[in-house]
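Please read the structure below before turning to the comments.
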């Protein structure tokens, strides 16, 4: 690890002040918990002249109900998110995903917004500065080639966030602040499939909140496959939201993480109206393989990651399907 680079720290008290600063200070970065950004800076991955600390903006740390939807401030910590009564009662999959991020010390500092906007990673990029310099830099930072996918014309660094796919499966929206105003967008619209530039936010924009709609009969969950049960990023992460219509699939939403440069929705429209059985599971597996692009890591191969992606999806949706059946049976009793 290197020493922190010299920089100027700004601490605005309002979100509007923060986004105006970001728009005017070239290369400035937002910082909240710092569990992702500060580690990268000490590895020489970026040299911003300015950091904008969001910790003094009280509105970012609130959780509130607005017309039936639950608004989660981007500054809410993952620990708070995992324990909040409203989240546990109505959106347990969100709490489940938050609890699977890193370890307890990380979750006590890391924020929802920081987790959603975390940097992409790869086995070449996330090394020390002297190591990367000695081997030649890469497309993601200072270089002109990819050392992982040879002859690639884009960066394949991978997004590993756990919370984003659950929010996507639940149909959540992001509230994005700009100087003087705000806009809303689907969570998926925060990202693009480019490891070197995976966030679609403009320089003068900030993620202010996440809006979770009412569940209205949906059941959701998150399955994460990793080497250890703490700290590790996902080899594959699957989020699913299911609405069962008697013995048929009313709607099914599936999102993946840990396999691509962005969290992605998996096409599932053709499964609506069908029973959840081996044939439906096989069709979902085919869709997963078409969308997911896991690469070899330092510990496992790409084939293994593809297998666990399919298996985790099957087990998760089996569980949601059976839970919905039990709930329907209890309601009729």
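No lab work stands behind these numbers, since they all come straight from the coordinates. Model, not experiment: these values are computed from the prediction. Every residue, glycine among them, receives a Cβ derived from its backbone with ideal geometry; neighbour counts consider all protein chains shown.
Tell me the angle of helix 278-291 to the major Cα principal axis of the chain, expressed in degrees between 0 and 90 and rounded to the nearest ten. Between the helix axis and the principal axis of the chain, the angle is about 20 degrees. Just need the relative contact order of region 1-52 here, percent rounded to a whole number, with Cα pairs under 8 Å and 6+ apart. It comes to 57 percent, rounded to a whole number. A protection proxy built from the mean count of other Cβ atoms within 10 Å ranks the segments 179-187, 2-10, 68-76, most packed first, as 68-76, 179-187, 2-10. Considering region 141-201 at the alpha-carbon level, its Rg and Dmax are found to be 14.8, 44 Å.
For region 35-81, the share of alpha carbon pairs falling in successive 10 Å distance bins from zero is 21, 37, 28, 12, 2 percent.
Plainly put, region 1-52 has a radius of gyration that is 0.98 times its Kirkwood radius, both from alpha-carbon atoms, as the Rg/Rh ratio. With semi-axes defined as the square roots of five times the eigenvalues of the C-alpha gyration tensor, the equivalent ellipsoid of the chain measures 34, 26, 16 Å, largest first. Computed from label points 7 Å out along Cα-Cβ, the spacing between residue 151 and residue 281 is 3.9 nm. What is the angle, in °, between the Cα long axis of helix 15-24 and the longest principal axis of the Cα atoms in the chain? Nearest 10 is fine, range 0 to 90. Tilt relative to the chain: about 50 degrees. Subtracting the Cα-Cα distance of residue 245 and residue 298 from their residue separation scaled by 0.36 nm leaves 14.8 nm.
Taking other C-beta atoms within 10 angstrom as a stand-in for reagent exposure, 133, 290, 140 fall in the order 290, 133, 140, fewest first. With a simple spin-label model that places each label point 7 Å from the Cα along the Cα-to-Cβ direction, the separation between residue 38 and residue 53 comes to 1.0 nm. A Förster radius of 45 Å, combined with the Cβ-Cβ distance separating residue 1 from residue 315, puts the computed FRET efficiency at roughly 0.70. Taking the longest Cα principal axis of the chain as reference, the axis of helix 302-332 is set at about 50 degrees. Approximating the spin labels as points 7 Å out from Cα along Cα→Cβ, the residue 137-to-residue 181 distance works out to 3.6 nm.
Cα-based values for region 265-317, radius of gyration first and Dmax second, are 12.2, 41 Å. You can think of it this way: the chain between residue 130 and residue 13 has 38.3 nm of extra reach, that is 0.36 nm per residue less the Cα-Cα gap. Computed over the Cα atoms of region 27-127, the ratio of the radius of gyration to the Kirkwood radius (Rg/Rh) comes to 1.01. For region 176-282, the average shadow cast by the Cα convex hull is 9.3 nm², which is a quarter of the hull's surface. Highest GNM mean-square fluctuation among 188, 285, 49, for the chain modelled with Cα contacts below 10 Å: 49. Tell me whether region 162-229 comes out rounded, prolate or oblate; compute the Cα gyration tensor, take square roots of the eigenvalues as a ≥ b ≥ c, and use a/c under 1.5 as the rounded threshold. It is oblate, given that a/c is not under 1.5 and a/b is not larger than b/c.
Rounded to the nearest 5, the antiparallel percentage of DSSP beta bridges internal to the chain is 85%.
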